[in-house]
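Quick one: structure below, then a few questions.
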Amino acid sequence: MLASRRGLTVATLAACTLSGNPSRVEGAAAVLAPSTPPESTVWQPHQAAFDYVGITSRFSCDGLESKVRQLLLYLGARKGLTVRASGCGLGDFPASGVVRISVEFQTLSLAPDTTGTALVRGNWTPLRLRAGRPRFMESGDCELVAQMHRFLTDNFSVRNLDYAASCTPHEVYIDSFDVQGEILKATPADAG
């Protein structure tokens with residue numbers, strides 16, 4: 001889908017160029033440019049935890065660790081993070097209904113005016129999280145998204161956030177969660 005959007009945007013830009021309408025070319029070019037200039041940011045370390053109680057969707061402990069890792073990396077956490085699930089019994093499934101997820105990771109925050117740490121370039125990036133976006137998110141992930149709300153807002157730099165998660169026990173709906181806003185992510189050159 002990204003390729004088709006990019007192709008459509010390039011096609012629109014080409015059509016505007018051929019039509020001789022420079023104002024439409026400038027408008028189309030603006031779509032291709034980042035919405036904001038890079039910000040001066042720093043990597044901020046976090047040690048945090050949350051409890052996951054699966055009523056509708058039950059994960060193995062390894063599966064839950066993997067899903068949380070994918071989600072944090074998608075949101076801009078620095079590579080090299082550690083995710084640990086505790087409360088697991090035999091066969092890698094929760095011994096009770098509760099799994100404690102402990103995470104050590106780094107996220108970007110705006111740099112103070114004077115800082116002695118290495119600065120990283122970051123951009124406010126559009127955020128959209130729902131079933132199928134990104135691809136690893138599924139309709140049954142509503143409980144996970146709902147239970148991670150405070151964890152995410154406390155540990156990531158976000159703005160204009162609209163966080164909706166309406167989970168119904170034992171029911172899976174494709175539109176049960178939708179998170180939108182902007183999140184501070186490292187530019188590709190500084191993402192390490």
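Tell me yes or no: at least one residue of segment 13-36 is at pLDDT 50 or above and within 21 Å of the chain's Cα centre (by Cα).
Looking for residues that are at pLDDT 50 or above and within 21 Å of the chain's Cα centre (by Cα), one finds at least one in segment 13-36, hence yes.
Looking at the structure I just gave you, is PHE136 surrounded by fewer than 13 Cβ atoms within 10 Å (Cβ to Cβ), among the hydrophobic types (A, V, I, L, M, F, W, C) and out of contact with any Cys (no Cβ under 9 Å at 6 or more places or on another chain)?
Working: surrounded by fewer than 13 Cβ atoms within 10 Å (Cβ to Cβ): yes; among the hydrophobic types (A, V, I, L, M, F, W, C): yes; out of contact with any Cys (no Cβ under 9 Å at 6 or more places or on another chain): yes.
When the stated conditions are applied, PHE136 passes them.
Does segment 56-99 hold any residues that are outside any helix (DSSP H, G or I), surrounded by 15 or more Cβ atoms within 10 Å (Cβ to Cβ) and modelled with pLDDT of 95 or more, and which are they?
Listed by number, the residues that qualify are LEU75, GLY76, ALA77, ARG78, LEU81, VAL83.
A follow-up question, please. Which residue pairs have Cβ atoms closer than 8 Å, lie 6 or more positions apart in sequence or on different chains, and pair a first residue in segment 169-187 that is within 8 Å of ASN123 (Cα to Cα) with a second residue that is part of a loop (DSSP other than H, G, I, E, B) and basic (Lys, Arg)?
Hits for this filter: ALA186/ARG78.
Right, next: Restrict the check to segment 139-159 and report whether at least one residue is at pLDDT 95 or above and part of a strand (DSSP E or B).
yes
The values are calculated or read from the model by the stated rules, or taken from the named source; none is laboratory data. Every value quoted in this text rests on a predicted model; they were computed, and no experiment measured them. Backbone-built Cβ (ideal geometry, glycine too); neighbour counts: all protein chains shown.
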